[in-house]
Amino acid sequence: MSVPRVNWVLVQVGIVTLFGGLWSSAKADWPMNRGNPQLSGVSAMDASRMPKEVWSFSAGKPVKGGAAIASGFVFVGDEAGILHALDLEKGLKKWSFKTEAAVEATPLVLGKRVFVGSNDGKLYAIEADSGEAVWNYSTDDKIIGGANFYKNFGEAAEWVIFGSYDSKLHCVDSATGKAVWTFATENYINGTPALLPGGELIFGGCDSMLRIVSAVDGKQLRQIEAEAYVASSVAVAEDGTAYVGHYGNVVIGMKPKEATISWKYRERQFPYVSSAAVTKDRVLIGGGDKRLHCIERETGKGLWQFPTRGKVDGSPVVCGDTVVFGSMDGRLYGAALGDGAERWVYDLGSPVAASPAVSDGWIVVGTEDGVVHGLKVPAKTP
């Protein structure tokens, strides 16, 4: 049976959706973990100039997960188990939704709904306009990774796909919350499954395996031995190659179609919890060695390193020719993609474990002191 193709049109337009009510079409949204279904962590937004903080929102509890930005609103969870909806321009709260445990997962905005997992083991579907619950789907353990989605050409149904600490990858119908399929692994799944060409998904887990499964029926197609726990999400390039770091202190470049490893990058004996960002020729990833690493995509050769004073467990975002990332030293950094030169540093005053979300000049990131920061990059002068 041939595998239906993924709707790449949605990918190419940045998953921009026309909303009713207060929602309108918005360019350059960041509606999910790492910005798109391939989890590439790349935006066309220019971030070469020092951003200025426009607003801050006190969630009250640590913010460990990344935010989603869609149609002028920010969606972000906290350790108190609350999902907050904030106005992007002013940081004012639109609504909040309480779950029964911490929310570490990055929300997914799809259509008029927000989908988010909680450490209470449930995935929630919430009306983006009002914050009202639509349905929830129960797994047997916590959900700390963000969800992805899949839609076939010619079909109305959209599926939400995510991993759980119950060692399963789950696929549910976005409209009803009913299970479509589940795939069982041998240990916890931390990250978000990434979309490969041809309707396939790739993800890792604490069973030290990288698995490629069909998005259509959840059947495993291939696997790659990572040889260590994979706590992050895999990043997929335009040509279908994939990249991930793991607890064995190694970053891997892979060819999922052949289920082969192309190269391994090792620098110092520190694990990689950060997810990678991948451009046309580079891989960017944060390390437990307090550095951001830039790796040549084709060869796995290290190109440059950017040192900080704390672990870089959050995931970097490439904005044009600038890499934006946070550190546990309490600072947000902008580094030149070409040579790693420092472009700017912004002191947030508290450790940053979360990954930045970016949209149309905005950088939004949460910190360990429970504050969500909204920073704006100044426009270029003529």
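The values are calculated or read from the model by the stated rules, or taken from the named source; none is laboratory data. What you see is a predicted model, and the numbers here were worked out from it, not measured in a lab. Methodologically, a virtual Cβ is constructed for each residue, glycine included, from the backbone with ideal geometry; neighbour enumeration extends over all protein chains shown.
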Over region 177-196, the set of residues small (Gly, Ala, Ser) and touching a residue at least 60 places away in the same chain (Cβ under 8 Å) is GLY191, ALA194
Taking region 144-174 and keeping only residues that are within 15 Å of LEU201 (Cα to Cα), hydrophobic (A, V, I, L, M, F, W, C) and under 13 Å from the mean Cα position of the chain (by Cα), one is left with ALA147, PHE149, PHE162
For residues that are acidic (Asp, Glu) and closer than 27 Å to GLY314 by Cβ, scanning just region 131-173, find the one that is surrounded by the fewest Cβ atoms within 10 Å (Cβ to Cβ).
ASP141
Looking at region 68-104 only, could you name the residues that are among the acidic types (Asp, Glu), over 18 Å from ASP141 (Cα atoms) and more than 21 Å from the chain's Cα centre (by Cα)?
GLU89
Take the conditions over 19 Å from VAL234 (Cβ atoms), at pLDDT 95 or above, in contact with a strand residue (DSSP E or B) (Cβ under 8 Å, 6 or more places away or on another chain) and assigned to a strand (DSSP E or B) and apply them to VAL358. Does it pass?
yes
Go through region 303-336 and report how many residues are over 17 Å from the mean Cα position of the chain (by Cα) and within 17 Å of PRO51 (Cα to Cα).
10
When every residue in region 285-318 that is closer than 16 Å to THR367 by Cα and out of contact with any Asp or Glu (no Cβ under 6 Å at 6 or more places or on another chain) is compared, the one surrounded by the most Cβ atoms within 10 Å (Cβ to Cβ) is VAL312
Being outside any strand (DSSP E or B), within 19 Å of MET45 (Cβ to Cβ) and hydrophobic (A, V, I, L, M, F, W, C) is the filter here, so list the residues in region 323-340 that pass it.
LEU337
What single numbered condition from (1) touching a Lys or Arg at 6+ places or on another chain (Cβ under 8 Å); (2) in a strand (DSSP E or B); (3) crowded, with 23+ Cβ neighbours inside 10 Å fails to hold for TYR346?
(3)
Give the residue that is nearest to the chain's Cα centre (by Cα), with candidates limited to residues of region 175-213 that are assigned to a loop (DSSP other than H, G, I, E, B), of a type in the set (Ser, Thr, Tyr) and over 16 Å from SER40 (Cα atoms).
TYR188
Only one of GLY146, GLY198, GLY191 that is of a type in the set (Gly, Ala, Ser), at pLDDT below 95 and under 24 Å from GLU238 (Cβ atoms):
GLY198
Which residues, taken from region 197-235, are of a type in the set (D, E, K, R), under 19 Å from TRP181 (Cα atoms) and without any contact (Cβ under 8 Å) to a residue 60 or more places away in the chain?
ARG211, ASP217, LYS219, ARG222
Do you know which of the residues in region 103-130 that are under 16 Å from ALA70 (Cα atoms) and of a type in the set (S, T, N, Q) is surrounded by the most Cβ atoms within 10 Å (Cβ to Cβ)?
THR106
Residue under question is ASP217, and the condition is that it be among the acidic types (Asp, Glu), more than 22 Å from the chain's Cα centre (by Cα) and part of a loop (DSSP other than H, G, I, E, B); does it hold?
yes
All positions within region 310-322 that are under 10 Å from VAL42 (Cβ atoms) and not in a loop (DSSP other than H, G, I, E, B):
VAL317, VAL318, CYS319
GLU79 passes all but one of the listed conditions (1) modelled with pLDDT of 95 or more; (2) in contact with a strand residue (DSSP E or B) (Cβ under 9 Å, 6 or more places away or on another chain); the exception is number (2)
Strands (runs of 3 or more DSSP E) wholly inside region 52-139 that include at least 2 residues being in contact (Cβ under 8 Å) with a residue 24 or more places away in the chain and in contact with a helix residue (DSSP H, G or I) (Cβ under 7 Å, 6 or more places away or on another chain)
none
